[in-house]
1. Tally up the residues in the range A:529-551 that are open to solvent by less than 50 Å² (accessible area, probe 1.4 Å), out of contact with any Leu (no Cβ under 6 Å at 6 or more places or on another chain), assigned to a helix (DSSP H, G or I) and among the hydrophobic types (A, V, I, L, M, F, W, C), please.
2. Which of the residues spanning the range A:80-108 are touching a residue at least 24 places away in the same chain (Cβ under 8 Å) and exposed (fewer than 15 other Cβ atoms within 10 Å of the Cβ)?
3. Consider A:Thr376 against the criteria (1) closer than 28 Å to B:Ile327 by Cβ; (2) crowded, with 18+ Cβ neighbours inside 10 Å: it satisfies all of them except one. Which criterion is unmet?
4. Taking the stated definitions as given, is A:Glu306 within 14 Å of chain B (Cβ to nearest Cβ) and over 25 Å from B:Glu291 (Cα atoms)?
5. Looking only at the range A:399-425, count how many residues are assigned to a loop (DSSP other than H, G, I, E, B) and either surrounded by fewer than 22 Cβ atoms within 10 Å (Cβ to Cβ) or within 14 Å of another protein chain (Cβ to nearest Cβ) (or both).
6. Among the candidates A:Leu526, A:Leu515, which residue alone is in contact with a strand residue (DSSP E or B) (Cβ under 9 Å, 6 or more places away or on another chain) and either assigned by TED's automatic domain parsing to the domain that holds A:Val481 or open to solvent by 50 Å² or more (accessible area, probe 1.4 Å) (or both)?
7. Identify, by number, the condition in (1) of a type in the set (A, V, I, L, M, F, W, C); (2) at pLDDT below 90; (3) over 28 Å from A:Asp331 (Cα atoms) that A:Val16 doesn't meet.
8. Return the pairs, sorted by first residue and then second, in which the second residue is open to solvent by less than 50 Å² (accessible area, probe 1.4 Å) and outside any helix (DSSP H, G or I), the first residue lies in the range A:565-576 and is under 13 Å from A:Lys517 (Cβ atoms), the beta carbons are less than 6 Å apart, and the residues are 6+ apart or on different chains.
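The values are calculated or read from the model by the stated rules, or taken from the named source; none is laboratory data. Owing to the predicted nature of the structure, the values given are computational and were not obtained by experimental measurement. When we count neighbours, we look across all protein chains shown, and the Cβ atoms used for this are built from the backbone with ideal geometry, even at glycine. Just so you know, the surface numbers come from the protein's heavy atoms only, side chains and all, with ligands and any DNA or RNA stripped out. Shrake-Rupley method; radii C 1.70, N 1.55, O 1.52, S 1.80 Å.
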Amino acid sequence: MSNSKIFSINGPVVKVRNTKEFSMMEMVYVGKNKIIGEVISINDLETTIQVYETTSGLKKDEPVYSTKMPLFATLGPGIISGVFDGILRPLNKMEEENKNFIKVGSNIESLDTKRIYNVKITVKEGDIIKPGQVYATCEETDSITHKCMLSPFLKGGVVKKVAPDGEYSVLEDIVEIEDEEKNIVKLNMCQKWPIRRTRPVKKRLKISKPLITGQRIIDTMFPIAKGGTAAIPGGFGTGKTMTQHALAKWCDADIIIYIGCGERGNEITQVLEEFSELIDPRTKKPLTKRTVLIANTSNMPVAAREASIYTGITLAEYYRDMGYHIAIMADSTSRWAEALREISGRLEEMPAEEGFPSYLPSRLSQFYERAGYVETLSGEEGSITIIGAVSPQGSDFSEPVTQNTKRFVRCFWALDKSLAYARHYPAINWMDSYSEYDEDLKEYYDNFLGKDFLKMREKISALLAKEADLLEIVKLIGMDVLPDEEKLIINTAKVIRVGFLQQNAFHKDDSYVTLEKQKCMMEVILHFYEKAIENIDKITFVQLEESNIFSKLIKIKYETTNKDIEKFNIYLKEIDLFFNNITK
Amino acid sequence: MAIIRHIGLQAVNGPLIALSNVKDAAFDEVVEIEVENEENRQGRIVHIAGDKVIIEVFEGTSNLSLKNTKIHFTGKPLMAPLSTEMIGRVFNGSCKPIDGLKEIFAEKYVDINGSAINPIARSYPRNFIETGISSIDSLSTLIRGQKLPIFSEAGLPHNKLAVQIVNQAKIADTVDGAKDNFCVVFAAMGIKNDVADYFKAKFEESGVLKRVVMFLNLSNDPIIERILTPRFALTTAEYLAFEKNMHVLVILTDMTAYAEAVREISSSKGEIPGRKGFPGYLYSDLAQIYERAGVLKSSSGSLTQIPILTMPNGDITNPVPDLTGYITEGQIVLSKELNKKGIYPPVSVLPSLSRLMKDGIGEGYTRHDHKDLANQLFACYAKVEEVRSLASVIGEEELSAIDKRYMEFGRAFEQIFLTQKLNESRSIKQTLDLGWSLLTILPKEELDRIDPSLLDEFYDKSKSKINA
């Protein structure tokens, strides 16, 4: 029985007086229903607890139980293709128990303890095992092999006893080790890890490989690296979620962790339905087999929304330690920041900008810094890439969450309302966006696609920048008065915008485009432009316009598949032929 | 009956009262407040600190004094009485009948705060609702189980549009085709008396009144009750949709008045204000209302929400439309400019959006050309805006030939496609064909959003029809 009793209740914030029982960030059970909470401040008078479920019906003097543990995640096989809430409770188990609605005080184990895995033990008696080292493996899903690693909290030691390979559930002991102090430690297939603590690695490695997404505006113009960070800011309706979905579907990470943080319930359902139908082009298995969903929708308790981000990144670190490349989609980090603000308000803390607490920037940087390309404790390479959506209030990018996020990410894909209004998707504005990974990835692109790839990209950017300048003039005096060279720039830029940057997520040949095809598309457009400039004295712009060559160039994206690389040589020849004919 | 626990108060401030020496009170519990010579009022515990509690009084605190008031604790959160008898009845914001008939006989009582729907239990909404309004059906398609708000302003015909949607919506075309499983839950928060009467009269005229549950909290009713109104309405709607398998359309008007009530109570509680004085938890609060829409796997019913909100001074970045837009699945924005031109419904198509549309249209739902056609119409109309701003500088005469065609397209789009009579219902086929006939104003090469095969199928056909 606990001595600590509730003194005050204000929304998700509960206070306990006259106790020295609790420690900071400790997980506690609050009230008779034992709902989960976390200690967030302690002083000599009172201990403040944030509660992860609704406090409706909670009474003064109900007990608060200490667990002597920080808020943790149980890690082990059975996480991939699962759907969890913000504190890693499996939603499908909750549905079985509580039907359609989420009930208060459902303390359900994260992992399915009954499921049997076919386990291979990878150590033998007498081996010395260190933290982070793998001692058993099993097939978690068709696409992912789970590796059970010695928890970094343990000291390591000599393997004393191993169970034979065979079928085990997650809680059965399979290996026994003896540490330096002659303590016997029994290992099963899972471990616990506090979600707010970064898991250790051997060292951070240099970022050098791109995360290939198959989205032209990202891969070609504003690439993201494996182990990098990116933000997608945009007002409502600009396609943040659609962009995140496209990345989750097509990027070449091994595992996707999708955090639906304070967003719509139907979006989670959509991911569930869509991803179970879609096939991963690399493993040929359904996408759900490599995806974990953390769903804390906007109407679920606000404190769990705050925790969901940390839960997600802890899962990512755990799988990274096995040597996988992970991509995290956090949709949306603004909702998380708002959860911080809401709790801070209930604590009556002094607000900084726009009511957000003054620790907002440090919390954001702690989160984004958990990304990286690393060598794991067991000596393998793994990475975590974080892609966070930001929902600026009033679509104003100068608000605190967007501005602070900008400081800690190196890729900024600014979504633009006017592009979205014209249904130009992905609505990433090419003038406001940037990627700082160009330099890191130069070597990869040069080796893989040839040195001309980056040169072509520069030319494309230059044309787009030129177009932006010219459009200012056109707005004032109209297009007709421009010289032919400039008309050509504007029309070529239109081809780039519509035929290259805009991408149809629902078209079979356009939803995912390989780097090779991206390069070929650029090549054709630029070849046309160079030919046209060369011959600009011999032809008139009207001739070009009437020949429909621009709309033909735009339609190339629908006429070629990822495999038709040769077809692009024909396009190049056709362009040559076209200019030969027209100048005759 | 609850025991009298307390006589007298410690403080009264706006809609809030404070008591001390309270034991055994639960957070969110409902209390009955007895005032001499008056009907009992109800309140809810919003803060507990030691033996002090703060209570929100739903009916307002006028006439309460520190001495004359007795408080009964009920030990329960606020419950809504539920029954299918509620259909056709009118209630106030606290779910008391105000149509002169007697109290309903409740089949069950449910906590009005509801619980979050488990995302696993949801089924993704895909069934298209034909509203008969071209701009909505083709460009911002309403889907069964969606929450699609109307962003409006004072002086715009949002009420007419809502009535037209209710009257024309083919929501109940289920397998049996019966109208019996369709009903409307109408929640009015802080709207004017005559607006409430307008809705009542229009529903009566079209014969849907029998199928409407009304919750009225008018602009002169107590503020706190306004916080409860949508919760009673949605608890009722959830019961009808998910337990009685009905297709429920919920109209919530006006959400701006609701949010202002939240702000008023927050400031009288002395909370730290966020943007424009609204409390920091407005997003979570609105989400608890809007997220109560959808379709469940375990039930054949659906709950579709059309919240209406008036943007103060037409500002879409105001916290209420802004936060709403982040929660709801799209929005229908009405435009003052179109309204001035005499176009009804004045739907501003570019900022309007339906997020669920992409999965509920096309082959098997509407028609296979719908997606491309809608995209093309958007793109062309966006171009019209560009051309218009150019024309306003250099004059229409100076525009290039193709830009002139765009001007013509823009006019036709507004006059022929958007404009509809109050009782005019167009089928989705008519709407799409109309869209194609508009596109024929432009040369085929300009239509870069449409798959070439569709273009061949529809553009030429449409063109020849017009020429004939």
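1. 4
2. Initial filter on the range A:80-108 (touching a residue at least 24 places away in the same chain (Cβ under 8 Å)): A:80-88, A:91, A:102, A:104-105, A:107.
Result: A:Gly105, A:Asn107.
3. In the conditions (1) closer than 28 Å to B:Ile327 by Cβ; (2) crowded, with 18+ Cβ neighbours inside 10 Å, A:Thr376 misses (1) alone.
4. Working: within 14 Å of chain B (Cβ to nearest Cβ): yes; over 25 Å from B:Glu291 (Cα atoms): no.
It is false that A:Glu306 is within 14 Å of chain B (Cβ to nearest Cβ) and over 25 Å from B:Glu291 (Cα atoms).
5. Quick first cut of the range A:399-425, residues assigned to a loop (DSSP other than H, G, I, E, B) only: A:399, A:409-410, A:413-414, A:416, A:422-425.
Going one step further and asking which of them are either surrounded by fewer than 22 Cβ atoms within 10 Å (Cβ to Cβ) or within 14 Å of another protein chain (Cβ to nearest Cβ) (or both), we end up with A:399, A:410, A:416, A:422-425.
Selection size over the range A:399-425: 7.
6. Only one candidate qualifies: A:Leu515.
7. Evaluating A:Val16 over (1) of a type in the set (A, V, I, L, M, F, W, C); (2) at pLDDT below 90; (3) over 28 Å from A:Asp331 (Cα atoms) leaves (2) as the failure.
8. That search, which allows pairs on different chains as well, returns A:Lys567/A:Thr560.
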